[in-house]
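Chemist: Pasting in a structure now, in structure tokens, and then I'll have a few things to ask.
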Amino acid sequence: MTETPPPWSAGAAYLDGRFMPIAEAAIPITDWGYRRSDVTYDVVGVRDGAFFRLDDHIRRFRASMETFRLAPPEDDAAIARVLHRCVALAGLRDAYVAMDCLRGRPPAGQPYHPAYARNYLAAFALPWISLVRPDVMERGAHLVVAETLRIPARSVDPRAKNFHWADLTRGQFEAHDRGADFCVLLDEDGHVTEGPGFNLFVVADGRLATPDAGVLEGLTRQSVIELAREMALDVAIRTVTAAELRDADEILLVTTAGGIMPASRIDGRIMGNDRPGPVFRRLYDAFWDKRARGWHATPVDYASGTI
């Protein structure tokens, strides 16, 4: 007889003031968080029982909420406690931990305007998720430059994390149709922005560059900048042209859900020997070595998971 797994083993969630197994978490389909993608969010990783850059993620989450004029009742300290408890309830040592702030809808009798809608917090912890499969990590991701352009920053500020993914989703179908793993989107001026869920760096002659506009100011991106400078690698935050991307010696993809990931092809062109390059190897090894030694780590409060 097969035993039913404990209800928390698949993950734990917090929704509008209440904790629950993740399978029970649901939002009203009439809320504007669902109907209008009127949501902001952030994601923090847990490795070996410790959050990575937890305070930075919560700080960025608060800045995103302020950008979209969302204000849940929980302050930053309360959000941190929620995230700790979600991980602890699920009993996870390696976890993907999300925090969302959603807009509800105006109550009856109030103007049908977002200023009158209730805001509330949702969060969850799942077993660790990586954007790139192990086989893709081994060979390097295959990328294409999409014809679809990134939503202009003057319309939706990419520095505030959001669910406006129509451009990224369309680009991903382009990548799929062309036999690639991921797309990279350009802005209206033909400059590189980002991909679906990741920032990127181009490497040429041992020098790194990452786009300075039209992108989320990612915390893994910031970590790579810090690492590169520690290692005396030349790294610049500047405009990156599509030609630079297509001619790069290496391309690095960076995100919470996977850390530093390699690419080996761009628009069908093979970089290096069609495998991850030497700059990637140096940064990848340094990143995970420092993580193992407690870099930017906040241990999970597992005692908070006592029900």
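The values are calculated or read from the model by the stated rules, or taken from the named source; none is laboratory data. Bear in mind the structure is a predicted one, so any value in this text is a computation, not a measurement. Reconstructed Cβ throughout: ideal geometry from the backbone, glycine too, with neighbour counts over all protein chains shown. Remember, those area values only see protein heavy atoms, side chains included, never the ligands or the DNA or RNA. Shrake-Rupley method; radii C 1.70, N 1.55, O 1.52, S 1.80 Å.
Chemist: Rounded to the nearest 5, what is the percent of antiparallel bridges among the DSSP beta bridges in the stretch 134-293?
Modeler: Counting only bridges with both partners in the stretch 134-293, antiparallel ones make up about 60 percent.
Chemist: While we're on this one: Taking 0.36 nm per residue of separation and subtracting the Cα-Cα distance, what length does fully extending ARG293 through ALA153 add?
Modeler: 46.7 nm
Chemist: Could you give each residue of the stretch 101-116 its phi-based ³J(HN,Hα) in whole Hz, using Karplus coefficients 6.51, -1.76, 1.60 with θ = phi - 60°, and x for Gly or Pro?
Modeler: So the J values, rounded to whole Hz, are 10, 10, 9, x, 8, x, x, 3, x, 9, x, 7, 9, x, 5, 9.
Chemist: Further question on the same structure: Please find the FRET efficiency linking ALA23 to ASP212, where r is the Cβ-Cβ separation and R0 is fixed at 30 Å, and quote it to the nearest 0.05.
Modeler: About 0.10, to the nearest 0.05.
Chemist: Let me ask something additional. Apply 1/(1 + (r/R0)^6) to the Cβ-Cβ distance of ASP205 and THR306, taking R0 = 51 Å, and write down the FRET efficiency to the nearest 0.05.
Modeler: 0.40
Chemist: Once phi is turned into θ = phi - 60°, what whole-Hz ³J(HN,Hα) does the Karplus curve with 6.51, -1.76 and 1.60 give for every residue of the stretch 234-243, x standing for Gly and Pro?
Modeler: Values, residue by residue: 6, 9, 10, 9, 7, 5, 10, 7, 4, 5 Hz.
Chemist: Can you give me the long-range amide H partners of ALA50? Hydrogens built in the peptide plane at 1.01 Å from N, cutoff under 5 Å, separation of 5 or more residues or another chain.
Modeler: Excluding prolines and chain starts, which carry no amide H, the hits are VAL300.
Chemist: Something else now. With all protein chains present, how much of the accessible area of the chain (probe radius 1.4 Å) comes from carbon and sulfur, to the nearest whole percent?
Modeler: 51 percent
Chemist: What is the stretch 35-107 by shape, rounded, prolate or oblate, if you read a ≥ b ≥ c off the alpha carbon gyration tensor as root eigenvalues and call it rounded for a/c under 1.5, prolate for a/b larger than b/c, and oblate otherwise?
Modeler: prolate
Chemist: Accessible area per residue for the chain in Å², computed with a 1.4 Å probe and the full protein assembly in place, what is it?
Modeler: Solvent-accessible surface per residue comes out at 48 Å².
Chemist: While we're looking at this one, here's another question. Given a Förster radius of 41 Å and the C-beta distance between ARG133 and TYR112 as r, what FRET efficiency does 1/(1 + (r/R0)^6) yield to the nearest 0.05?
Modeler: Computed FRET efficiency for ARG133 and TYR112 comes out at 0.40.
Chemist: Further question on the same structure: Could you pull out every residue, at least 5 positions away or on a different chain, whose amide H is within less than 5 Å of the one on ILE129? Hs are placed 1.01 Å off N in the peptide plane, and Pro or chain starts have none.
Modeler: TYR96
Chemist: Return the sequence-ordered ³J(HN,Hα) values of the stretch 264-280 in whole Hz as given by the Karplus equation 6.51 cos²θ - 1.76 cosθ + 1.60 applied to θ = phi - 60°, using x for Gly and Pro.
Modeler: Each residue of the stretch 264-280 in turn: 10, 9, 9, 6, x, 7, 7, 9, x, 9, 6, 9, x, x, x, 5, 4 Hz.
Chemist: What is the stretch 12-129's relative contact order, in percent, from Cα pairs under 8 angstrom and six or more apart in sequence?
Modeler: 35 percent
Chemist: Tilt of helix 76-90 relative to the longest C-alpha principal axis of the chain, in degrees (0 to 90, nearest 10)?
Modeler: The answer is roughly 90 degrees.
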